[in-house]
1. Tell me, yes or no, whether the stretch 155-169 has at least one residue that is of a type in the set (A, V, I, L, M), farther than 30 Å from D322 by Cα and out of contact with any strand residue (DSSP E or B) (no Cβ under 8 Å at 6 or more places or on another chain).
2. Taking the criterion of being in contact with a Lys or Arg (Cβ under 8 Å, 6 or more places away or on another chain), not polar (S, T, N, Q) and not assigned by TED's automatic domain parsing to the domain that holds Y422, would at least one residue in the stretch 59-72 satisfy it?
3. Name every residue in the stretch 92-115 that is surrounded by fewer than 17 Cβ atoms within 10 Å (Cβ to Cβ), assigned to a loop (DSSP other than H, G, I, E, B) and at negative phi, in order of residue number.
4. Give me the pairs, please: first residue somewhere in the stretch 370-396 and without any contact (Cβ under 8 Å) to a residue 24 or more places away in the chain, second residue anywhere and outside any strand (DSSP E or B) and surrounded by fewer than 17 Cβ atoms within 10 Å (Cβ to Cβ), beta-carbon distance under 6 Å, and either six or more positions apart or on two chains.
5. Go over the candidates T365, T376, T402 one by one and state the one that is loosely packed, with under 14 Cβ neighbours inside 10 Å, at pLDDT 90 or above, outside any loop (DSSP other than H, G, I, E, B) and under 16 Å from the mean Cα position of the chain (by Cα).
6. Looking only at the stretch 180-199, which residues are assigned to a loop (DSSP other than H, G, I, E, B) and surrounded by fewer than 20 Cβ atoms within 10 Å (Cβ to Cβ)?
7. Restricting attention to the stretch 379-395, which residues are in a strand (DSSP E or B) and either in contact with a Pro (Cβ under 8 Å, 6 or more places away or on another chain) or aromatic (F, W, Y) (or both)?
8. Test of understanding: among F200, F206, which residue is more than 46 Å from the chain's Cα centre (by Cα) and without any contact (Cβ under 8 Å) to a residue 60 or more places away in the chain?
Amino acid sequence: DSNYYGLDTFVYQVCNDETPQECTQAMVVITVINVNDTIFANNDTAMVDEDNILIGIDLRLNDGDADSSLLSVDIKPVMATKHGLLVLSPMGTYTYQPDTNYNGLDSFIYEVCNNENPQECTNAMVYIIVNPVNDSLFAIDDTAQITSNQILYGSTVLANDIDVDSTQININTTPILATQNGTILIQPNGAFVYTPVINFVGQDSFIYEICNSESPKQCDQATVYITVKAINYGPIANLDTIAVYEDSPINSIYVLQDNGFGPDDFGANVPANAKIDIITTTIHGSIVVNDNGTSTQADDFLEYTPDAEFHGMDSLVYKISDANGLSDQASVLIRVLSVDDLPTAIDDHFSLLSVTRNQDLFVITNDDFGGDGPSTNAISIVEMPNSGIAMVNENGTPSDPTDDYIIYALNDESQRSDSLTYMIMDSDGDTSIAKVYMVIEPAVVTVPQGFSPNGDGINDKFVIKGIEEFQGNSILIINRWGNRVFEGAPYKNDWDGSNQFGVHANSAGLPDGTYFYILKLGEDEEPIKGYIYIKR
């Protein structure tokens, strides 16, 4: 039979050809020798959407070893993934986070071993299919500038529009909202022609719409701001629009160059020997003028850093000046694009006492949920401790995860270390995993052999160090005749040498001498017996 080893037998009969015939029987004993069955591991396949996290099931489900019921997975892969972050568990589960915007095939090789001696191991491949998802289309606002009574031939408004997934962006040649102080003509390539009303000076704008070629189609709208300047011979500062990403440091803004509305113009005069002036600063970030190491404004630029976690619109007003003192101002419209903030869980280390049954582990005090903030179920345990049990406590506030913590209960007081793995999740489903390492120390009780309750403030009470760690303690104190003089359950280090029993109860203190005690620390602890001496 398959996988059988041990003894087996059969009986056979042999006969001659005499008359009468004679027959006899014999037994054959067969010894089936045990051989080591080979451990095997089968390849696995998993699937996850782009920019999502895969929580993988136990890889050992389709692996096996006829001789061993316990298989473990090495947390270090034989071959790691190339397009994402992989975390393996000895129990066979795993998490995989693909690189941002990656889709396609990824894989890793893991090793699984049995618990035999000598140990056997084998490898298998896990194929991960990262499904593509459609990234959003962004239409970015533009600015342009023209002098009164001139025609503006604007460059394509598509140059700063963004679509990661599509190479073709189409523009609707009919504006969503047309200009109010002139005529607008949008070309299929995104260029436009604007003719202001005669002698008009001021601000005008139009809204355009772009769509990509994907299915389903995505569309977005943006505004083109047009500044019509009065005819003059001073500098002309043009409106600028830029887009930066949330939490990006030191974004250079070259306001003197063409940002869709033409470059700033100092006219016939040379630029002033001074920095560009900031007239109205940004509200949601810091702005610095960089003079590029020269005294002239001609090569100045701005450096903008958005406030942490901010996304949305910000703006500023700057001024350029020429050598004759003429100046002009313009706005810079800054669109800070949102990025997905990921949480960060950091490993925790706790020192615990073995006698404390339920211990509170405040693990998220050093974790960071990022700009998205925590989800309602901010903490979950993904790998239980080996020597105890653990659970998440919402602290009575299920809608406020910031005060959640883990309750840990030790099952075996002889253990001196334990660990667990937990995961935090932010409000949009991003997760991070960390370990909790616990060092478990035995509680120590120190009983003094005497005290002096004479009211001098020194050793006036019978103080047992460490007794507060044993909540179920009790103590009985008797005199040399076996009479009770004090009992406490639990004892709170408050005996001052007075007599608690008999006709002299609660009277003046007991006389100097030797007294005997029986100290019980709990149901599972051996009583401690000894004596103390009172010396007033």
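The values are calculated or read from the model by the stated rules, or taken from the named source; none is laboratory data. Here the structure is a predicted model, which means the values were calculated and not measured. Methodologically, a virtual Cβ is constructed for each residue, glycine included, from the backbone with ideal geometry; neighbour enumeration extends over all protein chains shown.
1. Taking every residue of the stretch 155-169 in turn, at least one turns out to be of a type in the set (A, V, I, L, M), farther than 30 Å from D322 by Cα and out of contact with any strand residue (DSSP E or B) (no Cβ under 8 Å at 6 or more places or on another chain).
2. Looking through the stretch 59-72, at least one residue is in contact with a Lys or Arg (Cβ under 8 Å, 6 or more places away or on another chain), not polar (S, T, N, Q) and not assigned by TED's automatic domain parsing to the domain that holds Y422.
3. Result: D99, T100, Y102, N115.
4. The qualifying pairs are N395/D403.
5. Working: T376 fails: at pLDDT 90 or above; T402 fails: at pLDDT 90 or above.
Only one candidate qualifies: T365.
6. Pass one, the stretch 180-199, residues assigned to a loop (DSSP other than H, G, I, E, B): 180-181, 187-191, 197-199.
Of everything in the stretch 180-199, those that are assigned to a loop (DSSP other than H, G, I, E, B) and surrounded by fewer than 20 Cβ atoms within 10 Å (Cβ to Cβ) turn out to be Q180, N181, Q187, P188, N189, A191, V197, I198, N199.
7. We begin by selecting, within the stretch 379-395, every residue in a strand (DSSP E or B); these are 379-383, 388-393.
Once the filter is applied, which keeps residues that are in a strand (DSSP E or B) and either in contact with a Pro (Cβ under 8 Å, 6 or more places away or on another chain) or aromatic (F, W, Y) (or both), the stretch 379-395 yields only I379.
8. Numbers: F206 fails: more than 46 Å from the chain's Cα centre (by Cα).
Sole residue among the options that is more than 46 Å from the chain's Cα centre (by Cα) and without any contact (Cβ under 8 Å) to a residue 60 or more places away in the chain: F200.
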